[in-house]
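A short worksheet on the structure shown next.
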Amino acid sequence: MGALTRTVTVLGSTGSIGVSTLDLFEKSGAEVEILALTAGRNVAKLAEQALRWRPKLAVIQDEKLLPGLRDRLAGSGVHAVGGDAAVEDAAAMGADWVMSAIVGAAGLAPTLAAARKGSVIALANKESLVCAGPALLEIARQAGGGVIPVDSEHSAIFQVLQPDCRDRVARLILTASGGPFRTWTLEQMRQATPEQAVAHPNWSMGAKISIDSATMMNKGLEMVEASYLFDTPAERIDVVVHPQSVIHSLVEYQDGSTLAQLGPPDMKAPIACAWAWPDRLPWPAERLDLPRVGQLTFEAPDPQRFPAVDIARAALQAGGLTPAAMNAANEVAVAAFLDRKIGFLDIAPLVSETLSRMNGLGDRMSGAGGDALENAMMIDASARRLAADALSRHLVLH
Ligand code: NAD
Ligand code: MG
């Protein structure tokens with residue numbers, strides 16, 4: 001890649017992935033012109049980033065916080081705006097490259113807006129794929145930008161998939177760290193606090209994905225993500241627990257050969273890959289020191305302690321927008337756990353119960369075609385309502 005300046009928007013710039021993205025630009029000396037930075041509520045961090053990077057727009061999703069942002073950016077020449085529509089408008093500025101790193105289904109509409117403009121989408125926001133993957137991928141393909149996965153497992157598969165033998169793939173194998181409770185008993189897990197659940201052994205991430213890693217719903221969401229991204233049915237996607245997080249995922253071909261991608265657990269690596277693809281970014285990344293790593297170990301996931309993987313597999317097999325319903329129920333359950341309203345082991349049952357109350361509504365609705373966003377939002381809203389209702393009964397029962 002030459003020293004060509006590219007225009008960039010970072011959606012969710014104040015989060016773990018957003019910060020890593022800007023840090024990578026800094027450390028690699030990438031030639032970037034930032035069009036917009038967006039955040040949910042973190043005004044202080046957003047203002048600091050805006051003063052450093054001087055985007056055209058700094059966007060705070062929570063409109064109540066806009067006056068504070070304006071104060072901090074007064075005289076800087078950075079235009080401060082607020083609200084959901086402003087986030088979408090920022091996404092739709094037609095940047096060459098858009099990092100989609102908002103957390104949750106809230107990232108769907110802005111990501112679709114960016115895809116429609118033909119921006120290259122570096123996709124960290126896995127929930128948008130889980131909600132409306134087929135539609136998002138089709139829109140991005142038609143508009144010309146395409147989607148490059150940033151989730152480390154999907155980046156790994158993306159890197160080792162050989163374009164000329166896509167139909168010779170036998171299996172995709174997603175690696176999972178197993179999270180902080182990999183070796184805990186069910187009794188210990190029942191007592192787990194939010195602080196213990198967010199303390200991930202290998203990766204430093206936002207609170208929501210950290211809880212998802214602890215329940216392994218993260219791997220469930222990633223299975224759906226992989227199925228859509230690589231057009232592979234649930235039956236041909238396996239999960240293996242690999243506590244060192246050095247092998248980021250694998251592709252097994254029909255001749256029995258399996259290719260893997262390795263690296264230290266640092267999200268800047270898949271971000272760099274999505275930035276430079278199909279080139280490689282020369283930057284002082286931490287290198288893999290195999291003798292220091294010493295051993296790579298593997299184990300099968302335990303469905304008793306981590307039922308979320310099977311819940312997600314079943315939702316994917318049910319088809320249609322069932323994964324969108326699952327995602328919404330999981331967002332409600334994770335928020336309730338973080339608020340200490342439910343226990344750690346209540347998260348997966350709340351998701352299952354919501355899906356059974358949906359009564360197959362999601363299965364019957366297609367995730368593709370022109371109405372996909374509207375349909376996904378509708379299923380998302382229904383599932384959130386049912387999950388909140390199940391939650392209030394659960395609270396009565398306890
Ligand atoms: P985070 O919580 O650290 O950051 C989320 C960002 O989104 C913040 O900038 C926040 O201000 C913004 N935001 C929150 N709610 C919003 C809303 N309603 N509207 C607009 N903006 C909002 O999360 P993260 O760990 O950076 O993860 C971001 C996404 O990337 C998630 O979908 C996650 O699953 C995915 N991901 C993260 C990692 C990781 O290592 N952190 C790895 C793989 C995938
Ligand atoms: Mg991942």
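The values are calculated or read from the model by the stated rules, or taken from the named source; none is laboratory data. The model shown is predicted, which means the values in this text are computed figures rather than measured ones. Note: ideal-geometry Cβ built from the backbone for every residue, glycine included; neighbour counts use all protein chains shown.
Name the single residue, out of those in the stretch 128-172 being polar (S, T, N, Q) and within 16 Å of ligand 2 (Cβ to nearest atom), that is farthest from Gln261 (Cα to Cα). It comes out as Ser128. Looking at the stretch 123-152, I want the residues that are on the phi > 0 side of the Ramachandran plot and have a partner that is buried (at least 23 other Cβ atoms within 10 Å of the Cβ) and assigned to a helix (DSSP H, G or I) with Cβ atoms under 9 Å, at least 6 apart or on another chain. Which pairs are those? If the second residue must be buried (at least 23 other Cβ atoms within 10 Å of the Cβ) and assigned to a helix (DSSP H, G or I), the pairs left are Gly146/Ala115; Gly146/Ala140.
Scanning the stretch 133-173 for residues that are within 14 Å of Gln254 (Cα to Cα) and either in a strand (DSSP E or B) or in contact with a helix residue (DSSP H, G or I) (Cβ under 7 Å, 6 or more places away or on another chain) (or both) yields Val169, Ala170, Arg171, Leu172, Ile173.
Within the stretch 310-323, not a single residue is touching a residue at least 40 places away in the same chain (Cβ under 8 Å), more than 25 Å from Ser128 (Cα to Cα) and charged (D, E, K, R). Does Lys64 fit the bill of being more than 14 Å from ligand 1 (Cβ to nearest atom) and either under 26 Å from Val332 (Cα atoms) or touching a His at 6+ places or on another chain (Cβ under 9 Å) (or both)? Taking the combined requirement at face value, the residue does not satisfy it.
Selection within the stretch 263-302: residues that are among the acidic types (Asp, Glu) and surrounded by 12 or more Cβ atoms within 10 Å (Cβ to Cβ). The member of this set that is nearest to Pro163 (Cα to Cα) is Asp266.
Scanning the stretch 117-128 for residues that are more than 22 Å from Val334 (Cα to Cα) and assigned to a loop (DSSP other than H, G, I, E, B) turns up Lys117, Gly118, Ser119. Residues in the stretch 267-281 that are touching a residue at least 60 places away in the same chain (Cβ under 8 Å) and either on the phi > 0 side of the Ramachandran plot or assigned to a loop (DSSP other than H, G, I, E, B) (or both): Met267, Trp277, Asp279, Leu281. What tally of residues in the stretch 71-116 results from selecting those that are assigned to a loop (DSSP other than H, G, I, E, B) and either closer than 19 Å to Cys131 by Cα or within 16 Å of ligand 2 (Cβ to nearest atom) (or both)? Looking only at that region, the number is 4. The helices (runs of 4 or more DSSP H) found wholly in the stretch 299-395 include none carrying at least 1 residues that are in the same structural domain as Ala106 (by TED's automatic domain parsing) and modelled with pLDDT under 95.
One residue alone among Leu259, Leu221, Leu250 is away from ligand 2 (no atom under 15 Å from the Cβ), under 22 Å from Val147 (Cβ atoms) and in contact (Cβ under 8 Å) with a residue 12 or more places away in the chain, and that residue is Leu259. Return yes or no: is Ile34 assigned to a strand (DSSP E or B), modelled with pLDDT of 95 or more and either in the same structural domain as Ala132 (by TED's automatic domain parsing) or within 10 Å of ligand 1 (Cβ to nearest atom) (or both)? So Ile34 fits the description; yes. Considering the conditions (1) over 23 Å from the mean Cα position of the chain (by Cα); (2) outside any strand (DSSP E or B), Val19 is excluded by exactly one of them, (1).
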